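Single-structure report; data block below.
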Amino acid sequence: MLNASLSEISAALATKAISSAELTRLFLDRIRALNHALNAFITVDEERSLAEARAADARRAAGSAAALTGIPVAHKDIFCTRGMLTTCGSRMLANYVSPYDAHVVERFARAGAVLLGKCNMDEFAMGSSNETSHFGPARNPWDRRLVPGGSSGGSAAAVAARMTPAATGTDTGGSIRQPAALCGVSGLKPTYGLVSRYGMVAFASSLDQGGPLAKSAADLALLLEVMAGFDARDSTSVERAPEDYRRDLDRPLAGLRVGLPKEYFGDGLEPGVRRAVGEAVRELERQGAITLEVSLPNTGLAVPVYYVLAPAEASSNLSRFDGVRYGHRAAQYDDLLDMYCRTRAEGFGAEVKRRILIGTYVLSHGYYDAYYVQAQKLRRLIAQDFAAAFARCDVIAGPTSPSTAFALGAKSDDPVQMYLNDIFTIPAPLAGLPGLSIPCGFDDKGLPVGLQLMGDYFSEARLLNVAHRYQQATDWHARVPKDAPL
Amino acid sequence: MSLSHDQVQRLALLARIAVGPGETDAVLAQLNRVLELIEQMQKVDTRGVEPMAHALDLRQRVREDSVTERDQHALFQSVAPAVERGLYLVPKVIE
């Protein structure tokens with residue numbers, strides 16, 4: 001059951017082969033056995049999970065089972081959960097218990113899911129290695145000396161180590177896809193606006209988007225059906241009819257036009273990544289897909305653009321943490337200004353402070369046009385690159401990350417080195433496009449490589465179709481990490 | 001473009017984040033690294049390009065001007081650092 005797909009688990013629950021209480025106990029025991037080494041969870045509340053599981057069993061016995069009734073799911077600790085800590089990986093919110101549930105949390109509860117716990121993450125989702133978490137880094141189940149990626153590193157590590165069948169994450173510049181790649185799991189960043197941001201702690205509001213991480217594309221499709229949908233409480237939530245994301249999973253790939261952006265296959269790609277992604281593209285060709293070279297000429301500017309826009313939005317969003325209404329407040333201060341300054345100096349970690357200061361700078365008088373407006377103009381050029389490419393192809397394929405998982409501490413002294421590693425995941429959110437990452441092999445060190453697929457707006461069903469067909473022909477996604485054997 | 005110590009202290013004040021004298025050098029060095037990175041944007045001529053604030057063309061939704069929330073101030077204030085008689089407490093602002 002630890003290694004089963006969501007539909008297998010659902011079938012086992014429906015036939016009474018296992019109860020939700022038994023299933024939940026199984027995953028809680030797995031978390032208990034592995035979490036001291038992997039640090040994938042910040043909060044686990046066994047009694048609450050088991051109570052939810054028993055309630056799910058009762059609902060099922062009464063004949064009212066929904067899509068995920070009795071299936072355990074973990075949430076990234078950025079989603080507000082009523083009655084359970086929501087820390088966002090920060091000292092600022094280390095003791096914060098939200099008075100309300102995020103929309104995504106409500107949706108999972110309504111679908112019958114059992115909440116297993118809250119997953120570790122980079123502080124306020126700012127990071128690509130999970131090392132900026134106030135609670136210490138989560139570790140990679142393929143090699144515990146390595147990072148799981150970030151910012152949804154705890155979610156990816158937990159799914160990879162089979163501590164949960166599925167988890168939620170958020171993606172602003174790659175925070176679902178990059179950890180999914182580094183941990184050898186599947187992760188989807190939906191089109192901007194598809195999943196409500198209500199109750200999701202804000203980082204960069206024009207980019208932030210919630211999405212699922214799981215063991216397979218088929219599982220992602222089911223999870224997206226639960227997560228997606230209009231919510232009036234998020235002003236950027238898109239009003240569109242609900243979709244069946246599983247409808248096209250088995251559609252043959254014959255005639256599918258796959259664009260390969262030449263900028264994604266240049267220097268700086270690790271040989272193991274190049275080889276595995278190349279093999280994956282050949283598998284798509286074997287199934288009848290037609291590959292063609294496309295160009296996204298402004299790819300090299302995506303990282304600088306992102307590090308203007310995201311910090312600018314963050315500096316505004318994080319101004320709410322002032323030590324007055326919730327969160328940390330400094331113990332000693334002279335006056336109101338001193339209280340703000342000390343509270344924020346103590347409550348935020350180094351990376352978060354760095355980004356707030358950068359954001360403050362690029363928005364300040366005299367620099368606004370040179371940085372912020374210039375970045376917004378380049379953002380449009382990046383979006384136009386994609387529009388031109390999608391006139392010629394149905395999906396874009398390439399590496400999710402230029403490298404496989406790296407050692408803890410390897411990049412933490414040089415923020416810019418860390419930022420540049422996200423070059424392939426940053427463009428899609430700037431344009432608002434959907435993207436997913438699926439495992440496509442291993443490098444010489446035995447570490448998983450991620451294949452990224454990007455599509456036009458609201459083409460999630462197509463992306464999931466391609467990913468599912470690929471996973472029907474390969475078994476990379478079914479491999480169990482060697483530092484977390486079953 | 002690189003920052004000075006004074007500019008870092010000015011930014012820190014604007015951002016309401018205390019940066020101690022012992023930290024300024026390290027913060028300055030890292031901010032300058034990031035500014036070097038974003039400086040790359042300047043090499044592109046973007047005259048005539050419309051700035052893009054948002055991925056989707058969104059319009060503000062309007063709704064009836066009616067009460068949709070119930071009063072939950074006690075619940076919301078239960079997570080506040082300091083509250084008295086329904087009010088958030090802060091250091092004295094007006095003499």
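Just so you know, all these numbers are worked out from the coordinates, no wet-lab data involved. These numbers come from a predicted model, not from an experiment. Because the Cβ atoms are built from the backbone with ideal geometry, glycine has one as well, and the counts that use them run over all protein chains shown.
Remarks
- In the range A:404-446, the residues that are in a loop (DSSP other than H, G, I, E, B), crowded, with 24+ Cβ neighbours inside 10 Å and away from chain B (no Cβ under 14 Å): A:Thr404, A:Ala405, A:Phe424, A:Thr425
- The range A:15-58 - residue that is of a type in the set (Gly, Ala, Ser), assigned to a helix (DSSP H, G or I) and without any contact (Cβ under 8 Å) to a residue 60 or more places away in the chain and, of those, nearest to A:Ala158 (Cα to Cα): A:Ala33
- Under the condition of being touching a Leu at 6+ places or on another chain (Cβ under 7 Å) and among the small types (Gly, Ala, Ser), the residues counted in the range B:40-92 number 1.
- Only a single item in (1) at negative phi; (2) within 14 Å of chain B (Cβ to nearest Cβ) is not met by A:Phe458, and it is number (1).
- Taken over the range A:245-270, residues that are free of Cβ contacts under 8 Å to residues at least 60 places away in the same chain and surrounded by fewer than 16 Cβ atoms within 10 Å (Cβ to Cβ) amount to 5.
- Residue selection: A:Leu284 fails the criterion of being more than 14 Å from every other protein chain (Cβ to nearest Cβ), part of a loop (DSSP other than H, G, I, E, B) and buried (at least 19 other Cβ atoms within 10 Å of the Cβ).
- Any chance A:Arg344 is within 11 Å of chain B (Cβ to nearest Cβ), among the basic types (Lys, Arg) and more than 30 Å from A:Ala180 (Cβ to Cβ): yes
- Within the range B:14-27, the set of residues being more than 10 Å from chain A (Cβ to nearest Cβ) and not polar (S, T, N, Q) comprises B:Pro21, B:Gly22, B:Asp25.
- One residue alone among B:Leu11, B:Leu3, B:Leu37 is closer than 11 Å to A:Tyr361 by Cβ and at the interface with another protein chain (Cβ under 7 Å from one of its Cβ atoms), and that residue is B:Leu11.
- Filter pass, A:Gly366 being touching a Gly at 6+ places or on another chain (Cβ under 8 Å) and not in a helix (DSSP H, G or I): no
- Residue count for the range A:341-352, restricted to those that are assigned to a helix (DSSP H, G or I) and surrounded by 24 or more Cβ atoms within 10 Å (Cβ to Cβ): 4
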